[in-house]
Amino acid sequence: MISETPEFGASTADFLGAHTYKGVPWSQALIPRPSLIERVAEQAEVRRDAPAITVLRPDGDESCSYAELWARVSAGQRELAGSRVGTGDICGIHVSNSIESVVSILSVIAAGGAALLVDANEPEVRANEIIASAATVDLRLGNGRKRIRPPRVGDEEPAMHRPCVMVCTTGSTAASKVVIQAEYSIVINALAVARHHRMTHVDVVACPLPISHVNGLEFGLFATLLRGAHCLLYGEFDPFHFISTLHRQEATLATTVPPLLRALSSIRDWPSLERLRYFVSAAAPLPSEVLEGIHERGKCAVQGYGLSETMNFSTVMPYASRGGVLHGCEFGASSPHIPSVGSAIHGNEIAIRSNGAFVPAGEVGEVVVRGHSVMSGYADNPAATEEAFAGGWFHTGDLGLVEPSSRYPGHSLLYLTGRIKNVVKCAGASISLDELDRVVLSVVGVDDACAAARPDVHRGEAVTVFYVTRADHELNQQLVRDACARVASPSLLGLRIVRLPAIPRLRSGKPDRRQLASQAAANVGSR
């Protein structure tokens, strides 16, 4: 039963429909023992002295074994219980890629509460807003416990469906919202992803992504711990340090995002990465030239797709060995320049809808998801929850198409073509900013790019394209203009072109298009 309390959103028929997977309702667990904490405790008992987490920094590493991790989590749980923090509490935590943060998150879950993750790099004003909006207890003060309000009490629910983790959406195109994730949903997704990648206790998984966001948390950390494997966390990403530690630590998998892979592909000489099966990439479509750069070095990048609202991964790309090199890439007939992000993983269903109806294979529409690893709702935002689940599916806001795979029989593959909110209206014409990103990134010499909208008196909206090249590389901007002309005429776009030293990015790896839009509106930068 889903809570009827307004804090956790409305319990509507549409909402419940989104939690059905191939006819199996959410109340019928697809796995026995869906407890995250029980499974981590099991691994601690079996793996005891094996390394659980190593935090890698240029100035020195820090490790803890499974037994040490569990001892610290148990102590944290007892401390919380002694402060009467437990079921019904939402505990705000400052999170960095540290063992202390992992212990704090697991301790709150073990105590029966929900961990509200606030990135340690968030500005204090923003962090305070997040805590005030949803938390009942502020745990950011070290051992201090600041009670904000009483624990939330709603209708009785099975323990597996109680809030377990709460994360903030990145807010790249709209205001951030707090996503409620149930323990069962997290576990089913983590196990499905681990199974897809054939993870076992012998794996060493490198995670340079922040664990305050779902990719780092639920694949890099949770899936790894549930398999009894070794998680490598990075306090910050430096491509040379990262590639050298993949070699030194004998990593077998690495979870990344396209900007990180682009930085790695620019390194000329790689060390031997014999044990690395492949990189996993998510957060944004992976440019084909980056894929080719990885393949040239004898390695593979396997794409996946998902959101905070879907426990991170909804799809993952199949992979197979061809010509001695592992490949996890396919281009479709309708999308010859966009690599697929894969097919739905266990527990999820994917469909494409337009104007309230499902569309045939190969046609573009909004990507919708339903299944057992979909969020419980947005905290304190029942209207947004109901809107997100309209029609019995979760609406991602992403545009894409699905086609049967020619290379992987039995798989229907998803191709992302853009985002609904990344469409601008220039003199009445709809222009995809994502498509502009892709064509500019294809220009030789462009290392990174992002298009943003700005107000325009004559067109309503116009476009500014920001791009990055190496410091020693001079680029004829006419090449960028010509690339944009493949999407729409520069005069229609009201095109401005601005070179930047770097494209600002969110911690998730996505470009900060809102910041660039503000910059474009203010006419910052040279044309």
Notebook entry, point to check: With each label point set 7 Å from Cα along the Cα-Cβ vector, what nm distance links residue 421 and residue 71?
Noted result: 4.6
Next item on the list: Please determine, in degrees from 0 to 90 and to the nearest 10, the orientation of helix 36-47 with respect to the longest principal axis defined by the Cα atoms of the chain, where the helix direction is its Cα long axis.
Entry: 80
Next item on the list: Using only the Cα atoms of region 427-521, build the gyration tensor, take square roots of its eigenvalues as a ≥ b ≥ c, and label the shape rounded, prolate or oblate: rounded if a/c is under 1.5, else prolate if a/b is larger than b/c, else oblate.
Entry: oblate
Next item on the list: Calculate how steeply helix 66-82 sits against the longest principal axis of the alpha-carbon atoms of the chain, using the helix alpha-carbon long axis, and give the answer as 0 to 90 degrees to the nearest 10.
Entry: 70
Check: Given the chain, what percent of its DSSP beta bridges are antiparallel, to the nearest 5?
Finding: 65
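If you keep only loop residues by DSSP, which trypsin sites (Lys or Arg not before Pro) in region 244-277 have at most 10 other Cβ atoms within 10 Å of their Cβ? Mind showing how you got there, number by number?
Working: sites: 248, 262, 268, 275, 277; in loops: 268, 275, 277.
Taking region 244-277 and a limit of 10 other Cβ atoms within 10 Å, the loop trypsin sites (Lys or Arg not before Pro) found are 268.
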Next item on the list: Mind listing the long-range amide H neighbours of residue 303? Cut-off is under 5 Å, sequence gap 5 or more, other chains count too, H placed in the peptide plane at 1.01 Å from N.
Entry: 281, 317
Next item on the list: Please give the length that would be gained between residue 353 and residue 126 if that part of the chain were fully extended, namely 0.36 nm times their separation in residues minus their C-alpha to C-alpha distance (nm, one decimal).
Entry: 78.2 nm
Notebook entry, point to check: What number comes out for the charge environment of residue 87, summing +1 per Lys or Arg and -1 per Asp or Glu over other residues with Cβ under 10 Å away?
Noted result: +1
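List the relative contact order of the chain as a percent without decimals, with contacts defined as Cα pairs under 8 Å and 6+ residues apart.
Values: 1169 pairs, mean separation 71.8, N = 527.
That works out to 14 percent.
Once the other residues with Cβ under 12 Å from the Cβ of residue 144 are scored (Lys, Arg +1; Asp, Glu -1), what is the net sum?
Numbers: positive: 140, 145, 146, 147; negative: 79, 138.
Surrounding charge for residue 144 is +2.
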Next item on the list: Would you mind telling me the antiparallel percentage of the DSSP bridges in region 411-527, rounded to 5?
Entry: 80
Checklist line | For 138, 59, order by how many other beta-carbon atoms lie within 10 Å, fewest first | finding: 59, 138
Next item on the list: Net charge near residue 461: determine it from the other residues with C-beta under 9 Å of the C-beta of residue 461, scoring Lys and Arg +1 and Asp and Glu -1.
Entry: +2
Item checked: Angle in degrees between helix 124-134 and the longest Cα principal axis of the chain, rounded to the nearest 10 -> 60
Next item on the list: With an 8 Å cut-off on Cα pairs and a minimum separation of 6 or more residues, tell me the relative contact order of region 427-521 in percent.
Entry: 31
Margin query: Full-extension gain between residue 28 and residue 63, please, as 0.36 nm times their residue separation minus the C-alpha to C-alpha distance.
Written below: 8.8 nm
Note to self: Suppose each label sits 7 Å from its Cα in the direction of the beta carbon; what would the residue 478-residue 195 distance come out to in nanometres?
What the structure shows: 5.7
Checklist line | Dipole axis of the chain (+1 Lys, Arg; -1 Asp, Glu on Cβ), positive-most option in 212, 192, 473 | finding: 473
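Taking neighbour Cβ counts within 10 Å as the exposure measure, how do 74, 343, 281 sort from fewest upward?
On the way: 74 16, 343 22, 281 29.
Final ranking by Cβ density, sparse to dense: 74, 343, 281.
Placing +1 at every Lys and Arg Cβ and -1 at every Asp and Glu Cβ, with all other atoms neutral, what dipole size does the chain have around its Cα centre, in debye to the nearest 20? Write down the numbers at each step before the final one.
Working: 49 positive and 54 negative charges, 80 e Å.
The calculated dipole for the chain is roughly 380 debye.
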Note to self: I'd like the FRET efficiency for residue 486 and residue 145, computed as 1/(1 + (r/R0)^6) with the beta carbon distance as r and R0 of 60 Å, rounded to 0.05.
What the structure shows: 0.55
Check: ³J(HN,Hα) across region 379-392 via Karplus (A = 6.51, B = -1.76, C = 1.60, θ = phi - 60°), whole Hz, x for Gly/Pro?
Finding: 4, 6, 9, x, 5, 5, 5, 5, 5, 5, 9, 4, x, x
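Here, each number is a calculation from the coordinates, and none is a lab measurement. Computed from a prediction, not measured in an experiment: that's the story for all the values here. Heads up, the Cβs are rebuilt from the backbone with ideal geometry, glycines too, and the neighbour counts pull from every protein chain shown.
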